[in-house]
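> Take this structure, written in structure tokens, and hold onto it; I'll ask about it next.
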Amino acid sequence: MESKSSGSATNLVDQLVYPGDVVLDLSSMTNQTIKLGGGLRQDCDVISVMKAGRLRFSKPNKYWVESSQKRYVPHAEDSVLGIVVDSRSDNFLVDIKGPAIAFLPVLAFEGGTRRNIPKFEVGALLYVRVVKANPGMNPELSCTDASGKAGEYGVLKEGYMFECSTGLSRMLLSSPTCPVLDTLGKKLSFEIAVGLNGRVWVIASSPPTTIIVANALINSEPLSGVQQKIMAEKLLQRVQ
Amino acid sequence: MEQRLANCVQLTVNEKQFIENALLSELRVDGRGPLEYRKLSIKFGKDDGSAEVQLGETRVMSFVSAQLVQPYKDRPNEGTLSIFTEFSPMADPSFEPGRPGESAVELGRIIDRGLRESRAIDTESLCILSAKLVWAIRIDIHILDNAGNLVDAANIAALASLLTFRRPECSLGGEDGQQVVVHPPEVREPLPLILHHLPVAVTFGFFSNENLVVLDPTYHEEAVMTGRMTATLNANGDVCAIQKPGEQGIFQHIIMHCLKLAHVKAGDITAKIKDAVEKHNNERALQKIKRRSSSVSVDVCGTTARLRGKQNQSGGGKDNSHLDQLKPKDEANFMECDATSSGQVQINKKDEGSKNFTGGPSSWYGKKDPYSECVNSDLLKAPMDSEC
């Protein structure tokens, strides 16, 4: 941790960082508020890295470390895809690929009352929002957005769901649209729902289209933007 | 209960419906046809008898090792074969460490039956001294990653490692022909096992629609399918074993159709295994030439071990050597294994990455050798934990 040059972090932004790297030296910066996201922590006067990944910075003062995992750590306000595993009298038990099973209250639906509790069978796929996620506790979910409207949340019927890493989910949700989705969208018509917990649901008019889209998305993870375009175009050519 | 639910991979109704619908139009989710195998790659480790097979995303590793033991009383001229499977928890969240579960035992039994009943391995050539000493072959199968169809991948791994395994050469000598000399690899080239044929396992999956048959199911297809069958055949078309564990009933003509398919696939897979083994053998031969010319001794620093008929002698070591004793119960003479100078008797060949195989039959879980009391296993084993 010592032999790292202290000072501004501009040389480390968008670089791979490892636990123990010093990112910022606060003694040289005065009267500035810095917001720290995941993977960073403050040790007296320095900000050091806790998780391996890429350091990101967004103006004016936000720093965080981005990394990709197979398992998901729940955070509040994340939109995720959950699978119903059981129902209790006041909660549905929903698996969101996290360390603990999440609870979805039976009333957490738009216009939900005790009289119109939805019935979900075991294995139903839901697009839900994480309301509360504290370490050690079961996360709490909701099928409404913060204002109580249903929006896009709810059960997803038919289609095909596959699992991926959290990094791929974030890439698919990034704006501007990621190249593979662009290329596929020009030729095929499909709909996807991306959960930040590493689950993606795809639906298209016919099974072959769904399979093409799903495979293209799975294969696009290690590729750069240009490579994604090439891969997607090759896949489309082979099929048509 | 909740923790266990959180640990398993869940299947959605969407996937189940989609997989079955796609199969109706002969499409599988990863783009394969219903009767296509995934990409198969076979790699070998540094030591003889270790192989790693990757079938799509499924990875299985296999090691073969051999030890001198007393044969079973009813088969005094034959060596023994045993298979152990380990389903590592890193392969699948539902695998638990410790005692093998039902599917682990089933996998071991399928491979075991394929090799044993069809007499693929020539066990009579493993006999050194009739009724006294034979080679016991042990196959250890480790599942590294479960992405469906573990049986086929594990079978290929077992066959590949059997084909590349080399056992030390032994010769009989001495006044009464009872002395057995185990030659280390430097002195005499170790010998391969004699395999008459390669029994290849081919797994089929059946779905609720009776006409749907898939080959080499993936993890999700296994969760969705309603019946399965594993047929073990060799390239000549001999059926070595069939395993159909209950579940859905299948029509006779579908089973016959599957067996014909399995014959074709067994031929393909046998060719691939043989290619990979031949390439590996060529590379090793080239390496050996290089090794001899630069006279660097790697691996075993073994010495000649001699088993003599002798009166009772204390098992203490003399200076640097180790005395290994074999005491068969019903023999008046004690046989000793004496290692001269600063060597160690290394009878086992194993991959350096494997868990230490500490030898004696009594430490093998699952199968209990009836003669474990006779053979003093502690003294038979070589000190495995020291670097050689």
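> Order of B:Y72, A:Y63, A:Y18 from fewest to most other C-beta atoms within 10 Å? Mind dumping the intermediate values first?
Numbers: B:Y72 14, A:Y63 21, A:Y18 10.
Placing the least packed residue first, the sequence is A:Y18, B:Y72, A:Y63.
> Could you state, as a whole-number percent, how many of the C-alpha pairs of segment A:87-240 are farther apart than 27 Å?
32 percent
> Next question, about the same structure. Answer rounded, prolate or oblate for segment B:148-276, using the Cα gyration tensor with square roots of eigenvalues a ≥ b ≥ c: rounded when a/c is under 1.5, else prolate when a/b is larger than b/c, else oblate. Mind dumping the intermediate values first?
On the way: a/c = 3.14, a/b = 2.93, b/c = 1.07.
Here segment B:148-276 falls in the prolate category.
> Would you calculate the separation in nanometres between label points at B:S25 and B:L191, each defined as 7 Å from the Cα along the Cα-to-beta-carbon direction?
5.9 nm
> Then there's this: At 7 Å along the Cα-to-beta-carbon direction for both A:K35 and A:T113, put a label point, then send me their distance in nm to one decimal.
That separation, rounded to one decimal, is 4.0 nm.
> While we're on this one: Let a ≥ b ≥ c be the square roots of the eigenvalues of the Cα gyration tensor of segment B:55-146; is it rounded (a/c under 1.5), or, if not, prolate (a/b larger than b/c) or oblate?
Here segment B:55-146 falls in the prolate category.
> How far is it, in nm, from the label point at A:S189 to the one at B:V264 when both lie 7 Å from their Cα along the line to the Cβ?
If labels sit at A:S189 and B:V264, their model points lie 3.8 nm apart.
> What FRET efficiency comes out for B:N77 versus B:K244 if R0 is 41 angstrom and r is the Cβ-Cβ distance? Round to the nearest 0.05.
0.75
> Cα gyration tensor of segment A:75-153, axes a ≥ b ≥ c as square roots of the eigenvalues: rounded (a/c below 1.5), prolate (a/b > b/c) or oblate?
Oblate, since a/c reaches 1.5 and b/c is not below a/b.
> Hey, another quick one. Run the numbers for B:V105 and B:D176: contour at 0.36 nm per residue of separation, minus the present Cα-Cα distance, in nm. Don't skip to the end; give the middle numbers.
On the way: separation 71, 0.36 × 71 = 25.56 nm, distance 4.38 nm.
21.2 nm is the gain from fully extending B:V105 to B:D176.
> Of A:K51/A:K97; A:K70/B:K43; A:K97/A:K132; B:K46/B:K272; B:K43/B:K244; A:K187/A:K229, which pairs sit farther than 18 Å apart, going by alpha carbon to alpha carbon?
A:K51/A:K97; A:K70/B:K43; B:K46/B:K272; B:K43/B:K244
> Taking Cα centroids, how far is segment B:182-254 from segment B:14-31 in Å?
If you average the Cα positions of each part, the centres end up 23 Å apart.
Every read-out reported here was derived from the displayed coordinates using simple, explicitly stated rules and does not represent laboratory data. All values derive from a computational prediction rather than experimental measurement. Virtual Cβ from ideal backbone geometry, glycine too; neighbours counted across all protein chains shown.
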